[in-house]
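Below: the structure, in structure tokens.
The values are calculated or read from the model by the stated rules, or taken from the named source; none is laboratory data. Every value quoted in this text rests on a predicted model; they were computed, and no experiment measured them. Glycine gets a Cβ as well: all are built from the backbone with ideal geometry, and neighbour counts include every protein chain shown. The area values use the complete protein model at the heavy-atom level, side chains included, leaving out ligands, DNA and RNA. Shrake-Rupley method; radii C 1.70, N 1.55, O 1.52, S 1.80 Å.
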Amino acid sequence: MKETAYTLNDRKLRLIGIPLLGAVIPIMLNFENFLQLNRQFAFSVLFSTLITLALWEGNRFIIINMWRVFPELSQTSRRILAEAVLAFIYVFAVSFVMDELFCKPYFHQSALLAGFRISIVPTILVYLVYEAVYFFEAWKLNVRKTESLMLEGVQSQLEVLKNQLDPHFLFNSMNTLAALIDDENTDAQDYLERLSDVYRYVLVSRSKNTVLVEEEIAFVEAYVYLNKIRFRENLQVETKLSADIYRKHVTPLSLQMLIENAIKHNVASRENPLKIRIQQEGSDYLVIENNILEKTILEKTTRVGLQNIINRYGLLTDRQVEIIRGQDIFTVKIPLLAHLA
């Protein structure tokens, strides 16, 4: 379950708001008693304050739990509808208890409906205040996340593309090279085609927050093809996903970074091939795991790949990237996402 958009700090509001409403409501209902400041007015203020306390704290409990169940701005209408239903039931229950404990024993008459109508006033005020504050804080949080995500995207682009040549120049060069390769040299033609696919995907996806798993897997297949020219059967990558997973989303280049990370840090030989498996864990996570064949001398690396993935997912979802290093297997679990515009 997701946490609320911000930490609730309403102690001063409750300390001031509850006694204030407890006093204002009887003044509005019976101004003559207020002017006389008699014993009956004092009792009505005490009674009103007790009811306000019960209504405020009970509805506050409902509000906080509905924030946890429906935390997103897009869920505001569902959250408010649920709050309205629960508030109606709770206010009626409080009015009924007060009627049975106070009105009937002391005044020998039922005031259930009148009490219910009066109790609606502080209830509406409480919901208006809390929802307005929550909406504003959630909006500010979303703005900060968007700004942070843009910064992460820029940093990721710089890391992936910092040494790239001008795209048009490179693609033109690839087209020229393809024309120079003999038609019978299909291996070279295929390699160049996959290299073009990889480069094109990096350019297209760099401005996106998420991409379809289907697109990311197609990119990974091209990336693995390029590496298998070097490693051949020393590198083995297996993908095992159900059809519905391909319509989920992940952050772009995340799978490629994890495969690159595995290749950089592990030996891949005929005797001990590097085996990478991409599979699902239910419908919530993609699991990427590889056997550990750690190199004694590591290739040059910036060591930011995993942290980059963690940072980007931290801005998109409350579900965390999980990294598990076992004795023989290194595992990374990345959350599957709904589409984010």
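Structural remarks
- Out of I324, I334, I278, one residue alone is in a strand (DSSP E or B) and open to solvent by 60 Å² or more (accessible area, probe 1.4 Å). It is I324.
- Among the residues of region 203-222, the ones that are assigned to a loop (DSSP other than H, G, I, E, B) and open to solvent by 80 Å² or more (accessible area, probe 1.4 Å) come to 3 in all.
- Enumeration of residues in region 247-271 that are touching a helix residue (DSSP H, G or I) at 6+ places or on another chain (Cβ under 8 Å), open to solvent by 60 Å² or more (accessible area, probe 1.4 Å) and without any contact (Cβ under 8 Å) to a residue 40 or more places away in the chain: R247, R270
- Residue, nearest to N272 (Cα to Cα), within region 208-218, restricted to residues that are free of Cβ contacts under 8 Å to residues at least 40 places away in the same chain and out of contact with any Ser or Thr (no Cβ under 8 Å at 6 or more places or on another chain): A218
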